[in-house]
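See structure below.
Please treat every number below as a calculation from the coordinates, not as lab data. Fair warning: this is a prediction, and the values are worked out from it, not measured in the lab. Counting neighbours? That spans all protein chains shown, and the Cβs are built from the backbone with ideal geometry, glycine included.
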Amino acid sequence: MKRFLVTGASGLLGLNMGLQVSGSIDMIGQVHSNRLQNVPFQQMVVDLADVKQTQRMMEEAHPDVLIHCAAMANVDECEQKPELAQRINAEVPSQLAELCKKMGTYMVHISTDAVFDGKNGPYTENDLPCPINQYALTKLAGEHEVLMKNPAAVVLRVNFFGWSLSGKRSLAEWFVKNLQVGQTVNGFMDVQFCPMMVNDLVDVIMATTERSLSGLYHAVGWDSMTKFAFGYELARRFGYDHTLIKPVSWHDGDLTAARSPDLRLKTVKLASAIGKPLPGWQDGVERFYQQAQDGYPERVLGLMQSS
Ligand SMILES: NC(=O)c1ccc[n+]([C@@H]2O[C@H](COP(=O)([O-])OP(=O)(O)OC[C@H]3O[C@@H](n4cnc5c(N)ncnc54)[C@H](OP(=O)(O)O)[C@@H]3O)[C@@H](O)[C@H]2O)c1
């Protein structure tokens, strides 16, 4: 059985990955400030900002496959702490890519749809990125480092939603939590994206890993929508009042960092490599809803280790 090391196992993607696949693989999950309880995988507590800790983690785990999900993923926090963002989002992937190459470990590096400025979407892997905030700038630097240091690695640009440890990591959770209590929310009419349900993304990552793909791929939902429409579809499926979602421009929000208005990516390259279209938002919203009916969000919240 192959051994997987998943970084960011307390994050939205890493945790859902661990819950979904740890039964069929030998998995170790790296966490940092948030410790987990009752999870079906072994945990390692590591500060990836520390070069020595990171090296020790790789030597001790000695994985066949590294899924590198950990990141400084809060866009506004990256704007406020650009040096830390550079360390976590660019230098850590660089170190991991080098270590993977040396150890013969296959590396999947998770990047973002936010590397473009949104003037000419939808984008292919051949389009030139143009980051407009520190998050995008540092994530793009991370992509370059990984592919330069380890050409056998794969970089996936993603966008996803699902149920998280904090209950508020994803846009979908934010819509649902507010609409549930009759709270009005803003829905951006002028931001387009291609959301994928996190568990669908886990399937795509496993398909990528099985084929040992290398290079750069777009791994977002095959179809696009505005953020307003996403909120509307969630309200409709959960049976909440969709008029609580106010159609606004992202310029009206209180965001620190600039945002790309067009996050749409083309997924033809990855679809052709894995032999099927990428999952879309419709099935994803249904899966997200069904998980809520099954008590999955509460189970995920209960995995946070109480101090
Ligand atoms: N969410 C999205 O829609 C989205 C969109 C585009 C791209 N992405 C990319 O997808 C990946 C996963 O995102 P996510 O939403 O799952 O992120 P997340 O929920 O914010 O989780 C981030 C993870 O990184 C870990 N981490 C942060 N700083 C660390 C450090 N110094 N040392 C060790 N671990 C550290 C955190 O550990 P602790 O919590 O334990 O401290 C956490 O497990 C990231 O690469 C992100 O850039 C996400």
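What residue, among those in the stretch 230-267 that are in contact with a strand residue (DSSP E or B) (Cβ under 8 Å, 6 or more places away or on another chain) and assigned to a helix (DSSP H, G or I), is surrounded by the most Cβ atoms within 10 Å (Cβ to Cβ)?
My answer is 231.
Residues in the stretch 92-104 that are surrounded by fewer than 23 Cβ atoms within 10 Å (Cβ to Cβ) and either more than 25 Å from residue 128 (Cβ to Cβ) or under 18 Å from the mean Cα position of the chain (by Cα) (or both): how many? Within the stretch 92-104, residues that are surrounded by fewer than 23 Cβ atoms within 10 Å (Cβ to Cβ) and either more than 25 Å from residue 128 (Cβ to Cβ) or under 18 Å from the mean Cα position of the chain (by Cα) (or both) number 7. Tallying residues that are over 11 Å from residue 109 (Cα atoms), out of contact with any Pro (no Cβ under 9 Å at 6 or more places or on another chain) and within 12 Å of the ligand (Cβ to nearest atom) within the stretch 135-169 yields 6. In the stretch 32-119, counting only helices (runs of 4 or more DSSP H) that sit wholly within it, the ones holding 3 or more residues that are more than 14 Å from the ligand (Cβ to nearest atom) and touching a residue at least 40 places away in the same chain (Cβ under 8 Å) span 92-103. Every test in (1) within 16 Å of the ligand (Cβ to nearest atom); (2) touching a residue at least 40 places away in the same chain (Cβ under 8 Å); (3) farther than 26 Å from residue 88 by Cα is passed by residue 226 save one, and that test is (2).
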